[in-house]
Every structure is written in structure tokens, then in C-alpha cells.
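The values are calculated or read from the model by the stated rules, or taken from the named source; none is laboratory data. From a predicted model like this one, the values you see are computed outputs, not experimental measurements. As a convention, Cβ positions derive from the backbone with ideal geometry for all residues, glycine included, and neighbour counts pool all protein chains shown. Only protein heavy atoms, including side chains, enter the accessible area calculation; ligands, DNA and RNA are left aside. Shrake-Rupley method; radii C 1.70, N 1.55, O 1.52, S 1.80 Å.
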There are 2 protein chains.
Amino acid sequence: MGTQLHEIDFTDLSNNSLDLFTISNVNIGSKWLWIHFSAVYIVTIFICYQLYNEYKYISSERIAYFYSSKPQPHQFTILVRGIPVSVCSSVSESVETFFTEFHPTTYLSHMVVHRTSKLRNLINEAKTLSKRLLHLQSEPSQHTYRHIGLFGQRVDLVDHYGKKLVDIEQSVRLEQSNVSLAEETRAAFVSFKSRYGAAIAFHLPQSTNPTQWVTEQAPEPDDVYWPFFSSSFMRTWISKLVVIVACILLTILFLIPVVVVQGLTNLSQLETWLPFLKSILTITFFGQVITGYLPNLILQLFLKIVPPIMEFLSSIQGYISHSDIEKSACKKVLWFTIWNIFFATVFSGSVLSKVSIFLEPKNIPAKLAVAVPAQFINVYMPKYETAGKFWPIVHNSMIFSLVLMHAIAIGIFTLKKLSIASTLLFPLPVLTLLFNAYCRKRFLPIFIAYPAEVLIKKDKEEASVPAMAEFYDKLVTAYRDPALMPIQYSVNSESLNRPLMSSADF
Amino acid sequence: MGTQLHEIDFTDLSNNSLDLFTISNVNIGSKWLWIHFSAVYIVTIFICYQLYNEYKYISSERIAYFYSSKPQPHQFTILVRGIPVSVCSSVSESVETFFTEFHPTTYLSHMVVHRTSKLRNLINEAKTLSKRLLHLQSEPSQHTYRHIGLFGQRVDLVDHYGKKLVDIEQSVRLEQSNVSLAEETRAAFVSFKSRYGAAIAFHLPQSTNPTQWVTEQAPEPDDVYWPFFSSSFMRTWISKLVVIVACILLTILFLIPVVVVQGLTNLSQLETWLPFLKSILTITFFGQVITGYLPNLILQLFLKIVPPIMEFLSSIQGYISHSDIEKSACKKVLWFTIWNIFFATVFSGSVLSKVSIFLEPKNIPAKLAVAVPAQFINVYMPKYETAGKFWPIVHNSMIFSLVLMHAIAIGIFTLKKLSIASTLLFPLPVLTLLFNAYCRKRFLPIFIAYPAEVLIKKDKEEASVPAMAEFYDKLVTAYRDPALMPIQYSVNSESLNRPLMSSADF
């Protein structure tokens, strides 16, 4: 279930509504401006009505999806961070003691998270090698030989890679069996016998020290982002602060290319700054390239770099799932785009160009609509299932666009000396924000956590299903770090290259 | 347990630290300013250290208080608002069905809240009458007669009041027996068999519609504020918005007396505005009265009106307990005072007087310390027990004062042309706010709700205590509206005034 449930094309809506403001030809103080005034009210009411229906529909769909879903590990599991350890007990023992004492009837099992970056590197190396081997083996005609080593021995590459792969796999196995207590992080996935049991442990503050036993909902097992698994409260908190500062810096530093672009689009300004260009710029072709094509190119290039940077920043911010990282990166890019494309362009321009940009705001929603999902839509569907959790971002963006539209409308009516209209518009953004506040109260909680009513009903429904015993067995190992799973990439190569051993099997 | 646990006199501390800024005599750019600079750092570090210790101490005391407390009704009870009703069921039935279905093992009983404003008026009338009667009876020599009615009958007042009281009591009893289903509000106090059970129902969202079955912690039975018992989500939400607007309006309108006062303290300004006063103001006595005494009088008079207004606004905001109303009113008065005494005075003055006020900020904490508690402190101790819940307000005010001190220091160093010092001070407010953010994460949750660990331990401790059965019996009726309790004020008057009836008893 994505965010595209009801097919309302909000981009189109906004475009139409904002087209109303290309009213530069309307005379100052003209009575016709009242048509634009009423259009603002009508469009706002219509969009709010649609947004309310959509929010209502998606939240009911979210509940319906939950009711119809099969039991899934993440519904029964929470992630616990900041686990306190004493000298005499390991993290695992600490978790066991705590949950058997305070959640005796619902606690099922737990899985402590280990530091496995070294292992992960080895496994990646093995993967790359096995791919290369497969490629070589699939085309036997290309069996290549290479001179390797100090004395330039001639070696069959398939043989060479095969041996190397076996070596890596052995060190992976060694490393896996050695993942010691020292490499335990102070975080664990804790599974419960019921969804309601997991919800209780998630919602209630657990410890007298609120920075210990910090609980959050577990993501789907495949959605877990293992690499940066910060487990202590302080580390998570500090990295979050660092990321916020980095984001602000990036947004500010990005003003440099924006200002350059702004300068390029303004031919006369460019001539004032760089007078030696004057002769070139008079040639129509160069003028067109520099003011039309070049600014776009520069901006597009810089904009291409932003999403990966934002995703990287989100990944070190302490999120534990790919979906959360992408949701956070999505928000970051959204605000970055709004700030830079709109505000920064406005503020860095001259007074005259300001007005002209105010009169062309129809580009903004379109640009946002293209730029933001472009930085995730391809990878969105297959990887995980958020059950509509992205919808509130869409809703908030629409509300922001509406308030922006009101601000622009008030500005225009003031410019066109129709001050009664701009005064009468003032209640509109206030009412829109109140509408949004109501929606946050009415619908948002459903997107944060499922209510007790739903959880208990679902639990009861499945209490007597025989398949649950089998599910619990799977649940116990569902959150095992994939780096700790047994690997075997060398099967093919071994069977191909060691015929003597296979004949010994007969 | 109040907020005065560790006897640190913060007002004194702030006064001392801010005294450092009465440095108008220090030469511009003088090296001695660095002593003030280091003082700002030392004072900030010292106060933050003390605040951390105090927060830690008070939160541990809060937990200790909870462990040592006897079972109290409010620990086992939650308030539920926004109860949905169907045509065929009452609020009471709806509550019973919901909690027996979703909290079958922990649900104990419930008490629906009724609209009893009419009853409360009658009871108040009876109370007043009985007091008057008692007063008359205690001084029999003063038995007075009065002419009452159209024909001026001569009536014994004791007799007259006695009869009236009996009448009122009868109509109270009639009203009490008639409190019908129609007067049920959509709110109820729901009691549980354990503290943990109540906590689960409070922390977990209950319904698929987040505006229904809205739960909150119940106050102590004596602390419940019965009069304004708004029960529906929408009414509570709207009244909250209205109160916020009213508060802002009051704060803005209060600028009028502040500006008047500001004018009075400035003699030369006054002479410019009202030139006919010039001759009077030259007389020293009148000048002193008008610039010294009058402004203070006006300001004090207006400031006296503010706390009752704020308390009234808080009472209609939807809070359900006296303690919450007073906590909210306390915050309102605090911000009102900060805004008006400090900022408004600064902004409404001339540029020169701005500086002089900046140089006398030592008055502000002192004024706050006097004006705010004037903290309500008399009614605070006996009425209810918040177990240290007021501490976070004190903590936040201290942090605000610190940041204000930094702002003032930066301003002064800039004025005194020691720009390195003001630059080097910039990290201090940031670090102070980060310290505050950490404290919010580390301690604040303990002041909002008790953690599962504590609740379960306390529940287990008392599971085998035989007195609990008796406590549960009391718990069932603990949250009955006092207006629905049987009343009897007329006993004394009856026995005194109706000797014939008492003789018939023999």
C-alpha cells in the first residue's frame, strides 16, 4: 500500500490553483481581483476537504491492511537500546533477567545485536569473488591465465579465485564462531508472544533511568539497517545533533551555487560583475546558452548530489531501518528543496526579480513533485511495507503549499492595492493550520502505532490458529544478523574444480 | 514533597551572578572585562552542575516517595474522555463493555461523570445558609426578628433560615435522585486492579479513532475540578485554542498600563507629552511621587489582577484537577511576567533607557521570584500532592534566566567593544540549551509517568497485603462526584428549633 491509493493528482490541483496568480495583467485595484480572491477560498476548502477524506481513507486502509496481514515478526518484536550491564552479567543475561521479571507472561525470546562490520566486509568480498567466478565459469572459452606473484607464475584464474574464495569463507566461519561477548552492543531485539505484549513494552517507559531500556518498534527483519547500529543513548543523541548541524550547513553552503545560477540567469547583472564577458554575451547563441542552459545544468548537477548526501546523513543519525532512513532523507530533501529552490532564489535575487518569481510559483510544486520522489520512488515498492506511513509527509507538504499560496495571494493583493482582500484572506492560513492541527490529532496517531483495540482483536483472532506454533519457532531467529548466517558461495567452484573429491564420494 | 527539597537559594545565586553586570563604570575595551567574562562561564557551569544534581535528587526522591506511599485511588485510576455511545446503550454500559473486552484481567470498576452544576449551586446555597444559622445560634442573645413579606410579618430569623435550609436540602435530595442518563457526560473514571493495569490503559492508544477513548492519568479524588468537566474531544480542543488566544490578547493589552508606567518613570518624557504638568513636576515632592511611587502602584495593581484571570483561563482550558489548573496558571503567569516586566519595558522605552534597563537585570529574577509564587504558594501545600511535579518548571525558568544572562553579557561586551569576548560567549547559550535538552531526555519522563519497573515492583509488593481488599472496596466509590453525596446541614437547627418533635421521640 503506497501513498497513491486514491488517484488524486495534487500536483495538477496546485498548478491550476496557482495559475490563478499569473495575474500580472490585471489592473491595480481592479474589481476582477475578487474572482481571484474567491478562487483562493474555494480552492483551499476543496483541497482541505479532499485531504480530510484521503487521510480518513488511508488510515482506514492502514487498519484494514493490518487486520488482513499474516503474523509478521516485526509485529511481535521491539528493539531495546541502552541496556545496562553489570560486571558479572552479559547483555544477553541482562535482557533475559529484565523481561522475565517484568513481562513474564508475554516475553518470548531475544537476539542481542553484535558488531559485525569486519564480517560484513569479508562476506562482501566473498560475494564479489563468487560473482566473478560464476562469470568466468559461464564462458569456459574465455578461461584466462595470468602471471601472478614475484616470479610471474602462470595461473588459471578460475582456480586462483576458487582457492581465494575458499580461504575467505573459512575466515568468515572462524570470525562467525568467534563473535564474542566483547562484540555485543547494548541493543537487542526482544520478541513477545502477542502483538499486544510487544505494544505494552514499546509504549510504557521501562526504567527509572529514561536513557536505559529505551524501546522502539522493530522494523521488518529485511528492513533492518545493520551497519550503523548505535546502541547507547548518548551516541545516538550526539550523532543526531551532529547530523542536524551538518544538514543546516549543507543547506547554507548550497546557497553558493544557487547565487551563481541566479547571477547567470540575470544577463545585465552578469555584465556588471564580469565586464570582460560583455562582447561574448552580445552574441545571441552564447547569451542563450549562458542564461538558459548553463544555470539549469549547474543547479541540476548540484541537486543530484544532495539526495545521496542526505541519505548518508540519515543513515548515521541512529535510524535502524532502511525505511526510516529513507523517510528521514525524504523529509530532509523536501525541506532542502523548498528552502533552496524557493526561498534562497527569492532572497538572493534583486527586488524586481523577486516579484517575477512570486508570480511564477506554479513551478515549485511541480519541481517538488518531480524532485522529491525521483530519490526514492524506484526503490520504494519492493524493499519494505510501511502500510501508508509516508502519507503524513504528503499531507504536510500539501498544507505547506496551501499556506504558501495564501502568503503569495496576500502579497499580490497588497501589491495590487486591494488591501480589503488581503485582510480578508488572513483568517485562511490560520484556519488551514487549525485544520492541520485537527488532522494531526484525529489521524496521525494511527500512523505511529496501532491502537490496543486493533492489536487485541488481531491477537484473539489468531490465538487458536495452529500455524502460530510454527510462526513462534521462526520468530525466535527472525532477527539474526545476516552476517552471522552460514555462507556457501564456493559450492559450484568446488564441484567444478575438484573432481577427485567428488569421485571419492561414490 | 515540594520543590524546596535541597535548600539552594537560586534567586540569591542569580542576583549575585547578575550583579557582575553592573559594570557601567568599567572603561570601554578594558582588560578587566575578562574577569566578568570568566565569571559568566564559571557561574553557568556551577548553576548547571547544581541543576543537574537537583534534578537527579528530586527524581530519585519522587521514585522513593512513590515506593513508600500507601495505595492511593489515583494510582489505580484513569480518566477516559470521548466515550462513544450508540442509541441503545448508555455511557456506563459502553465503558463496561469496552473495558471488560479489552482489559478483562485488570479492569475493576468505573464511575461516569455527571453534569451537576445545578446541584452544586443548591449545595452552596445550603452551605451558606447553615453557616449563617450556626452564627446566629452561637450567639442566642442576638436572636433577631425581621419584617418579611408583603404584610410585614414579624419572623424569627433562626426559624426562617432553618425552614429555608430544610427546603433546599429536600430539593437537593430530589435532584440527586433524579440525576438521569441525560445528564451523563461522555467521560468516566475507570479503576483497575493494579497500578500497572491503569498505566497500560493510559499509555496505549485505545481506539481506532484517536479522538475517542482518550485516556489520561486521574488526579487525586479531592483534587478533581468538577465544575468545568468538558468531555468531548472537540470541546476540549476548541476551549484550549480560545484560551491560548485570550492569553495572548491579555499579554498584548497589558502593554497599555506598562507603557503608561514607562512614561511616568521618565520625567523629561512626561514633560514633553503633557507640558501643563511642567510646573507641578518641578516641585520635588510631586516629581518623586509621580516618578517613584505612582508607576509602581499602577503596575502592582494591574499585576494583582493577572493571576486570578490566568487561573480562570486555565480552569476553562479543559484541565481536570486543581493542581493542573494551578500548574498551567503558574506557567502562564511566569511567561506573562517575563514578557511584560522585561521585554515590554525594554521595547517600549527609549534607546538610552534600554541600556539602563539592560544594566539592571538583577531586578528581574527577584521580581519573578516574588510575583510568581505570590508559585499560589499559600494554597499549594495542603490541597494536593504532586510528588515534585512542579520542579521541571523551576528548572526551565533557571535555564531561561541563564540564556538571558548570556544574551545580556554578549550585548554588554559588544557595547564595551570587547568583541572577542562576545564571540567567545556564543557557545555558552548553545551548550546550556543542549544541557537542558539532555536533562529533558534524562529526567523529565519520570515526572510525566512512573516507569513499568517501578509500577510492577510496587504492585508485587502489595499483592499479598490483606488490606488491599478493603482498599478496592473504597476505590470503587472514590471518584463519586461530591455533589452526589448525601448532605445534612440542618441537623443542629432542627434539634434546636423543633422541641415538640424531639419530645415525641422519647
- Bins of 10 Å, starting at 0 and running to the largest distance - Cα pair percent for the stretch B:397-457: 20, 34, 20, 14, 8, 3, 0
- Pop a pseudo-label 7 angstrom from the Cα along the beta-carbon direction at both residue B:280 and residue A:170 and give the gap in nm to one decimal. 10.6
- Can you run phi through the Karplus equation (6.51, -1.76, 1.60; θ = phi - 60°) for the stretch A:33-41 and list ³J(HN,Hα) in whole Hz, with x for Gly and Pro? 4, 5, 5, 5, 4, 5, 4, 4, 4
- Which stretch or stretches of the stretch A:77-91 have amide N atoms under 18 Å from the point lying 7 Å from residue A:462's Cα along the Cα→Cβ direction? A:77-79
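Please compute, for peptide A:444-457, the average count of beta-carbon atoms on other protein chains lying within 10 Å of each residue's beta-carbon. List each step's numbers first, then the result.
Working: counts 1, 6, 5, 0, 2, 2, 3, 10, 12, 11, 4, 3, 5, 3.
Partner Cβ neighbours, averaged per residue: 5.
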- Note on the structure: Measure of exposure for residue A:115: accessible area at 1.4 Å probe, Å² rounded to 10, is 120
- In nm, to one decimal, how far is the modelled label at residue A:39 from the one at residue B:38, with both set 7 Å along Cα→Cβ? 6.8
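Express the accessible area of the stretch B:69-117 per residue in Å², computed with a 1.4 Å probe while the remaining protein chains stay in the model. Kindly include the intermediate steps, with their values, before the conclusion.
On the way: 2060 Å² over 49 residues.
So the stretch B:69-117 comes to 42 Å² accessible per residue, rounded to a whole number.
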- Query: Rounded to the nearest 10 Å², what accessible area does residue B:208 show when all protein chains are kept and the probe is 1.4 Å?
  - Reply: 50
- Task: Report the extension gain between residue A:441 and residue A:393 in nm, rounded to one decimal, defined as 0.36 nm multiplied by the number of residues separating them, less their alpha carbon distance.
- Result: 15.8 nm
- Item | Three-way shape call for the stretch B:161-216 based on the alpha-carbon gyration tensor, with the a/c threshold at 1.5 | prolate
- Task: Straight distance only, please: which lysines reach the Cα of residue B:127 with their own Cα at less than 18 Å, same-chain residues fewer than 8 apart left out?
- Result: B:118, B:163, B:164
- Which three lengths, in whole Å and largest first, does the stretch B:421-491 cover when its Cα atoms are put on their principal axes? 76, 41, 14
- So if R0 is 35 Å, what FRET efficiency would residue A:469 and residue B:89 give, r being the distance between their Cβ atoms, rounded to the nearest 0.05? 0.35
- Peptide B:407-416: average number of partner chain Cβ atoms within 10 Å per residue? 0
- Item | Calculated FRET efficiency for the pair residue B:244/residue A:301, C-beta based, R₀ 41 Å, to 0.05 | 0.30
- For peptide B:197-204, the mean count of other chain Cβ atoms within 10 Å per residue Cβ is 4
